[in-house]
Amino acid sequence: MNLHKATRFALYAILDLAEAPDRQVSGAEIAKRYDISTNHLAKVLRTLGRAGLVEAVRGAGGGYRFVGNARRTTLLDVIELFEDIRPISSGQRQPGDSTPAGQTLVKVLDEIEEIAHATFASITLETMLRLIEDTRRHQAAESAGSMSVPAGSGAV
Amino acid sequence: MAPIISLQPIAHENFTVRLGDDRDIPEIADIDGEASGVYKRHYWDELLLNTTVDEPRIALVAERDSRLLGFIVGVVRAWEFGSEPCGWVFAVSVRSDARETGVASVLLRALSASFRELGVHKVRTMVRRTDHLIMAFFRSQGMMAGPFLELEKDLDE
């Protein structure tokens, strides 16, 4: 399972902004944090703005801020602004789809797509922010642990 | 419903969480009936009155002014499908007028603490794939997909 570049950029941007909704963050700041193209991100932010999820703040200290509802907005809501992840069976027909092998393959691929759809539809931005915080804590604990390895305990 | 754990009532701002007992079954059946659209008193009687030592069941209720706001039921199962003992949440429900007030989150935390008291360190549940609301609730509590996948087949094929 992979997401388009624009979708990933949108998720990074919206999670970054939703983490501190009172804060205004420039596109350049977000682009730098995730090592992504500023131009591409600007297009993505415009789409998020049209969807009513972020708002551009003009003037000195301007930037973007999150104006959606993090408890109600799911990953699927954001993803669907940029790409279609409907089950394959409801999409464009492909050569061989009507054969028994094609129909069976579509059934298997649909199963995968349905699970992906349910996963994205059930994870809100608020839940993602909690998971990100957990990841930060684990990373901090791991790096604290690796720093406390006694001298001389390395590989010989 | 013989208690298998010792849970002192936990007071929260707007409600109290305590162990459920036989007198709660009619209200549990009501709350479930309201949420599911199917009133099944007999099922709840069977489920909650017949707990066994091999499969300890825990029912917790959230109460305000002698009225149940919600309930949660869990069971500890060991070595099912090769899994080490773990706690299963198989029912959680909150009255519609008490939702969005943290009742289910508090019940799940209390049930998880009870599971720990029984010596298990993992909690699982099963959710209909299309029920995004209930799945979102469990995910908001930190639950992720586990190592098992449910498979099924129509037997009349």
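To keep it simple, each residue is scored yes or no on (1) at pLDDT below 90; (2) charged (D, E, K, R); (3) surrounded by 14 or more Cβ atoms within 10 Å (Cβ to Cβ).
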{"site": "A:R86", "(1), (2), (3)": "yes, yes, no"}
{"site": "A:S90", "(1), (2), (3)": "yes, no, no"}
{"site": "A:R93", "(1), (2), (3)": "yes, yes, no"}
{"site": "A:T99", "(1), (2), (3)": "no, no, no"}
{"site": "A:T104", "(1), (2), (3)": "no, no, no"}
{"site": "A:A121", "(1), (2), (3)": "no, no, yes"}
{"site": "A:T124", "(1), (2), (3)": "no, no, yes"}
{"site": "A:T127", "(1), (2), (3)": "no, no, yes"}
{"site": "A:E133", "(1), (2), (3)": "no, yes, no"}
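Conditions: (1) touching a helix residue (DSSP H, G or I) at 6+ places or on another chain (Cβ under 9 Å); (2) under 24 Å from B:S36 (Cβ atoms). B:E100 meets all but one. Number of the miss?
If we test B:E100 against (1) touching a helix residue (DSSP H, G or I) at 6+ places or on another chain (Cβ under 9 Å); (2) under 24 Å from B:S36 (Cβ atoms), just (1) comes out false.
Among A:L76, A:L109, which is in a helix (DSSP H, G or I) and within 12 Å of chain B (Cβ to nearest Cβ)?
Details: A:L109 fails: within 12 Å of chain B (Cβ to nearest Cβ).
Exactly one of A:L76, A:L109 is in a helix (DSSP H, G or I) and within 12 Å of chain B (Cβ to nearest Cβ), namely A:L76.
Can you tell me how many residues in segment B:115-157 are of a type in the set (A, V, I, L, M), touching a helix residue (DSSP H, G or I) at 6+ places or on another chain (Cβ under 7 Å) and over 14 Å from B:F90 (Cα atoms)? Before you say what the answer is, go through the steps one by one.
The first filter runs over segment B:115-157 and keeps only residues of a type in the set (A, V, I, L, M), leaving B:118, B:120, B:123, B:126-127, B:133-136, B:143-145, B:149, B:151, B:155.
Cutting the leftovers down to touching a helix residue (DSSP H, G or I) at 6+ places or on another chain (Cβ under 7 Å) gives us B:123, B:127, B:135-136.
Then keep just the ones that are over 14 Å from B:F90 (Cα atoms); that gives B:136.
Adding up the residues that qualify gives 1.
Please specify each residue of segment B:94-152 satisfying the condition of being small (G, A, S), within 14 Å of chain A (Cβ to nearest Cβ) and on the phi > 0 side of the Ramachandran plot.
If the condition is that a residue be small (G, A, S), within 14 Å of chain A (Cβ to nearest Cβ) and on the phi > 0 side of the Ramachandran plot, then B:G102, B:G142 are the ones that fit.
Quick check on my filter: what residues within segment A:32-73 are among the hydrophobic types (A, V, I, L, M, F, W, C) and either surrounded by fewer than 20 Cβ atoms within 10 Å (Cβ to Cβ) or modelled with pLDDT under 95 (or both)? Spell out how you get there, then give the answer.
Step one: filter segment A:32-73 for residues among the hydrophobic types (A, V, I, L, M, F, W, C), giving A:36, A:41-42, A:44-45, A:48, A:51, A:53-54, A:56-57, A:60, A:66-67, A:70.
Hits for segment A:32-73 are A:I36, A:A42, A:A51, A:A56, A:V57, A:A60, A:V67, A:A70.
Quick one: which residue in B:R57, B:R95 is basic (K, R) and in contact with a Ser or Thr (Cβ under 8 Å, 6 or more places away or on another chain)? If you could, list the steps in order and put the result at the bottom.
Details: B:R95 fails: in contact with a Ser or Thr (Cβ under 8 Å, 6 or more places away or on another chain).
That would be B:R57, the only listed residue that is basic (K, R) and in contact with a Ser or Thr (Cβ under 8 Å, 6 or more places away or on another chain).
At least 3 residues that are out of contact with any Gly (no Cβ under 8 Å at 6 or more places or on another chain) and buried (at least 21 other Cβ atoms within 10 Å of the Cβ) in each: list the strands (runs of 3 or more DSSP E) lying fully within segment B:27-141 that qualify.
Of the strands (runs of 3 or more DSSP E) lying wholly inside segment B:27-141, those with at least 3 residues that are out of contact with any Gly (no Cβ under 8 Å at 6 or more places or on another chain) and buried (at least 21 other Cβ atoms within 10 Å of the Cβ) span B:67-77.
The values are calculated or read from the model by the stated rules, or taken from the named source; none is laboratory data. The structure presented is a predicted model; accordingly, all values stated were derived computationally and were not measured. Glycine also receives a Cβ, built like all others from the backbone with ideal geometry; neighbour counts cover every protein chain displayed.
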